[in-house]
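Colleague: Input: one structure, supplied below.
The values are calculated or read from the model by the stated rules, or taken from the named source; none is laboratory data. This structure is a prediction, so every number in the text was calculated from the model and none was measured. Methodologically, a virtual Cβ is constructed for each residue, glycine included, from the backbone with ideal geometry; neighbour enumeration extends over all protein chains shown. We work out accessible area using only protein heavy atoms, side chains counted, and drop any ligands, DNA or RNA first. Shrake-Rupley method; radii C 1.70, N 1.55, O 1.52, S 1.80 Å.
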Amino acid sequence: MNNKIQSFQVELNSTFSDKVTNKLRAGYTHFDDFRDPKSQPMPAFRIMNGGSNYIVVGHEPFSIHNRLDQKVFQISDNFNYFLDNHTITAGFSFEKFEFDNSFNLGAYGYGDDRGYVGAFFGDFADMDAFNTAISNGLLSTAMTNAETIYNNNNAAGEGVIGSWSLAETNVGQLAFYLQDEFSVADNFTLTYGVRLDKPLYFDTDEKAQEVIDRSFGYTPDIPYYNPNTGEEVLLDNTQMPTDKWMISPRLGINWDVLGNKTIQVRGGTGIFTGRLPFVWIGNQIANPNVWYYQMVDPSFQFPQVFRTSLGTDIKFKDGLVWSNDLVITKDINGAHVQNWGLRPPTGSLNGEGDKRPIYLDADKGNTGYVFTNSSEGRSLNFSTKVQKSFDNGLFASLAYNYLDSKDVNSIEAEITGDAFDFNPTLGDANAATLSNSKYGDKHRILGTISKSFNYGSSEQWTTTVATFFEYAQGGRFNYTYGGDINNDGSGLNDLIYIPTERELDDMLFANAGDAAAFEAFIQQDDYLSDHRGEYFKRYGALAPWRGKWDLKVMQELKLNNGHRVEFSANVLNAGNMINSDWGLVQLPANQQPLGVSVDPVSKIPTYTFNADSDKTFVYDSSLISRWQVQFGVRYSF
């Protein structure tokens, strides 16, 4: 990926009197991101085995002429008026984002009466199907077609019919705000205010129509089902989400309890509005085609949360400082992806122990992935820390953080369809089911110790040795089937059922020995063995604790002319440098341990299990589990 960035900013600070000041800022940034793929043109496809990936081959599908040109313009103005006990701030903020995105997933796909070959839409069920595509010439034709597409598109030029795709999205946000910082007393400050935000879509609806005019698969008269209202609706790619004003009132306090800064209480409550990843709007502009229809709910609103925080800082006579912080957040407008081509499931699986709802053909229409809102998400975050600076140059701190975070969709994809397919589910795939969030560590312990030594003539030399350590448990994960057991169109999102020993004996496996191997796998897995006879809870399992120590040594020399020279050495994950068994991170070995297929008539599932899968976790071999060293030099004058 190549990145070219040009950024300019100007700021004007004005003092009109001892009571009136103003700060005006304006900026422009141009991001030009483009790729130079090293692959030759070739379709990307998968050869499957038991419902899971066996081989992935071909041109990397996400980099085929993948370019993103972004222009960002920002302007803000803050006007301050100072009274005896009040500081009043009034201002506005304006942001405009222009995105030119060329994304060509599946551009090298090809199909005829022999079948289809292409990025994740024309997969081969097994090696036999792949060999058939070789013998009947389908694969050869598809590869030749990819070369032709590449050559023709490069000759045609940018953004015209027959060339690479191009979608332009122009969006922004306008805000006005008013705040008063009121010094109620010498030791108590009350801050209150309100912010108004308005989404802006400019001419994006016209840009959507331009893409529609260049496409050949836009079918706006197909009815979809809105699971939030229970109504049939038509989806219009030129219709942008609501742009109504969003109101965010806020209140904050800062209280020096004893008036001597030894006990400080701080906190606040209010509504906070943010921006959404605008690629979701871009998905709607770029994907009007009926076979991969992506939309944003016309009633969708920018993310908004209600948040309350409370913190304390207590300073003891010996210099020890103890801080505590509690933050509680509740979604008002969270993000959630649904498939409006699905009605509620009316069928049932006929599995041993597993009787989950499944989708019948009558429950399914044309696939339509839609970003919408949910208010179910919430989180609780608590931190406590003690720290102390000693007279001899020693500093130490120790902190603990606890996080309990729930959501309905831990979105991990920029493509709307993937955000639906990757969201683990059970029952109605469109339901806003509250469960554990994938992100964040449940427990985290952090510590810092540093010591400085001053010596030499006039103490011109300073040596500082510091270490930072972290122990944490997070890495939430779940197990889903390799296959579409509930027939919702995704082979990635179906949470497994954990059978009892009796149920396992009656389950239908494709290969002899699979049942026994799966039983052994369950017994060695802490979560599976503790939840037999249950469905796996979304992100209900945690990876093992991880820990690492970092070390920094810094040498500073003060020169006679007031200049300073500083040498430093940073060792990340220093424990791993000492012992290769230390500082390692463990990850789930396979989050789709069971392959599955379902008989369309009997609704009885047949399972496959790889007998070589005998443990839950493996060590992450990336840099996170390795030691690294960095040297630095700095000259200050």
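Colleague: What residues have an amide H closer than 5 Å to that of Ser374, excluding those fewer than 5 places away on the same chain, when H is modeled at 1.01 Å from N in the peptide plane?
Modeller: Gly334, Ala335, His336
Colleague: Okay, moving on. Measuring with a 1.4 Å probe in the full set of protein chains, what accessible area per residue, in whole Å², belongs to segment 230-297?
Modeller: 46 Å²
Colleague: Follow-up. Report the one residue of Asn561, Phe176, Gly334 whose Cα lies farthest in the direction of the positive end of the charge dipole of the chain (charges on C-beta: Lys and Arg +1, Asp and Glu -1; origin at the Cα centre).
Modeller: Asn561
Colleague: Right, here's the next one. Which whole-number percent of Cα pairs in segment 1-53 have a distance greater than 13 Å?
Modeller: 78 percent
Colleague: Using only the alpha carbon atoms of segment 415-502, find the Kirkwood hydrodynamic radius as the inverse mean reciprocal pair distance, in angstroms to one decimal.
Modeller: 17.9 Å
Colleague: Within straight cross-link reach of Lys451, meaning Cα distance under 22 Å, which lysines are found once same-chain residues fewer than 8 apart are removed?
Modeller: Correct list for Lys451: Lys315, Lys317, Lys385, Lys388, Lys548, Lys552, Lys558.
Colleague: Grab the alpha carbons of segment 315-462, take their convex hull, and tell me the volume per residue in Å³.
Modeller: 183 Å³
Colleague: Oh, and also: Take the Cβ-Cβ distance between Glu566 and Leu434 as r, set R0 to 51 Å, and report the resulting FRET efficiency rounded to the nearest 0.05.
Modeller: FRET efficiency, Glu566 to Leu434: 0.50.
Colleague: Mind checking the log10 I(q)/I(0) for segment 271-387 at q = 0.15, 0.20 Å⁻¹? Debye, one equal scatterer per Cα, no solvent, two decimals.
Modeller: -0.86, -1.06
Colleague: Under 22 Å between alpha carbons: how many lysine pairs meet that in segment 1-134, if sequence neighbours fewer than 8 apart on the same chain are excluded?
Modeller: Close lysine pairs under the 22 Å cut-off: 5.
Colleague: If the reach is capped at under 12 angstrom between alpha carbons, list the aspartates and glutamates near Lys355, excluding any in the same chain fewer than eight residues apart.
Modeller: Cα-Cα hits under 12 Å: Glu534.
Colleague: Just tell me which lysines come within less than 20 Å, Cα to Cα, of Lys406; anything on the same chain fewer than 8 places away is out.
Modeller: Lys330, Lys438, Lys442, Lys537
Colleague: As a test of the formula, what do you get for the chain when each DSSP H run with n ≥ 4 contributes -39,500 (n - 2.57) and the sum is divided by the residue count, at 222 nm and rounded to the nearest 500 deg cm²/dmol?
Modeller: The helix-only estimate for the chain comes to -3500 deg cm²/dmol at 222 nm.
Colleague: If you don't mind, there's one more thing I want to ask. In whole percent, what relative contact order does segment 361-494 give with Cα contacts below 8 Å and a gap of six or more residues? Let's see the in-between values first.
Modeller: Details: 227 pairs, mean separation 30.6, N = 134.
Relative contact order, segment 361-494: 23 percent.
Colleague: Could you work out the relative contact order of the chain, using alpha carbon pairs under 8 angstrom and six or more residues apart, expressed as a whole percent? Please list the in-between numbers first.
Modeller: Numbers: 1592 pairs, mean separation 52.3, N = 637.
Contact order relative to length: 8 percent.
Colleague: Shape verdict for segment 488-637, please, from the Cα gyration tensor: rounded (a/c under 1.5), prolate (a/b greater than b/c) or oblate.
Modeller: Prolate, because a/c is 1.5 or more and a/b exceeds b/c.
Colleague: Rounded to the nearest whole Å², what accessible area per residue is found for segment 410-521 with the 1.4 Å probe?
Modeller: 40 Å²
Colleague: Determine the distance separating the Cα centre of segment 514-537 from the Cα centre of segment 322-383; give it in Å without decimals.
Modeller: 25 Å
Colleague: Calculate how many DSSP beta bridges within the chain are antiparallel, expressed in % of all such bridges and rounded to the nearest 5.
Modeller: Of those bridges, close to 95 percent are antiparallel.
Colleague: In Å, what is the Rg of the alpha-carbon atoms in segment 482-532, and how long is Dmax?
Modeller: Considering segment 482-532 through its Cα atoms, Rg and Dmax are 12.1, 32 Å.
Colleague: Using the heavy atoms of the protein chains and a 1.4 angstrom probe, tell me the accessible area per residue for segment 87-180 in square angstrom.
Modeller: 47 Å²
Colleague: Another question about this same structure. Would you work out which of Ser529, Asn80, Tyr110 lies farthest towards the positive end of the dipole of the chain, given +1 charges on the beta-carbon of Lys and Arg and -1 on that of Asp and Glu, about the Cα centre?
Modeller: Sorting the options by dipole projection puts first Asn80.
Colleague: Here is a further query. What is the Å³ per residue value for the convex hull set by the Cα atoms of segment 175-245?
Modeller: Working: hull volume 10.3 nm³, N = 71.
Output value, Cα hull per residue: 145 Å³.
Colleague: Ignoring ligands, DNA and RNA, please state the percent of accessible area on the chain from carbon and sulfur, probe 1.4 Å.
Modeller: Details: 17640 of 32340 Å².
Using a 1.4 Å probe with all protein chains present, the chain comes out at 55 percent carbon and sulfur.
Colleague: Using R₀ = 41 Å, calculate the FRET efficiency as 1/(1 + (r/R₀)^6) where r is the Cβ-Cβ separation of Val184 and Leu559; round to 0.05.
Modeller: Efficiency computed from Cβ-Cβ geometry: 0.25.
Colleague: Determine how many Å³ per residue the convex hull of the Cα atoms of the chain encloses. Spell out each step's value before the answer.
Modeller: On the way: hull volume 137.4 nm³, N = 637.
Enclosed volume per residue, from the Cα hull, is 216 Å³.
Colleague: While we're on this one: Helix check for the chain. Which DSSP H runs span at least 24 Å along their own axis by Cα, with a mean Kyte-Doolittle hydropathy no less than -1.0? The partial results should precede the final answer.
Modeller: Details: long enough: 138-156 (26 Å, -0.21).
Helix filter hits for the chain: 138-156.
Colleague: Could you calculate the contour length gain from Phe382 to Ala362, that is, 0.36 nm times the residue separation minus the distance between their Cα atoms, to one decimal place in nm? Intermediate results must be reported in sequence, preceding the final value.
Modeller: Values: separation 20, 0.36 × 20 = 7.20 nm, distance 4.76 nm.
Result for the pair: 2.4 nm of gain on full extension.
Colleague: Could you tell me the center-to-center distance, by alpha carbons, between segment 246-277 and segment 396-470 in angstrom?
Modeller: So the separation of the two Cα centres works out to 23 Å.
Colleague: Counting only Cα atoms, I'd like the Rg/Rh figure for segment 561-628, Kirkwood definition for Rh.
Modeller: We get a ratio of 1.43 for segment 561-628.
Colleague: Now for a separate question. If I take every Cα pair under 8 Å that is 6 or more residues apart in segment 165-266, average their sequence separation and divide by the length, what percent do I get for the relative contact order?
Modeller: Here the relative contact order equals 31 percent.
Colleague: On a full-extension model of 0.36 nm per residue, what is the gain between Phe617 and Thr191, subtracting their alpha-carbon distance, rounded to one decimal in nm?
Modeller: The span from Phe617 to Thr191 would gain 148.4 nm if fully extended.
Colleague: How much length is gained on full extension from Gln591 to Arg307, taking 0.36 nm per residue of separation minus their Cα-Cα distance?
Modeller: Numbers: separation 284, 0.36 × 284 = 102.24 nm, distance 3.38 nm.
Full extension of this stretch gives 98.9 nm more.
Colleague: If r is the Cβ-Cβ distance from Glu503 to Tyr400 and R0 is 41 Å, what FRET efficiency results, to the nearest 0.05?
Modeller: The calculated FRET efficiency here is 0.50.
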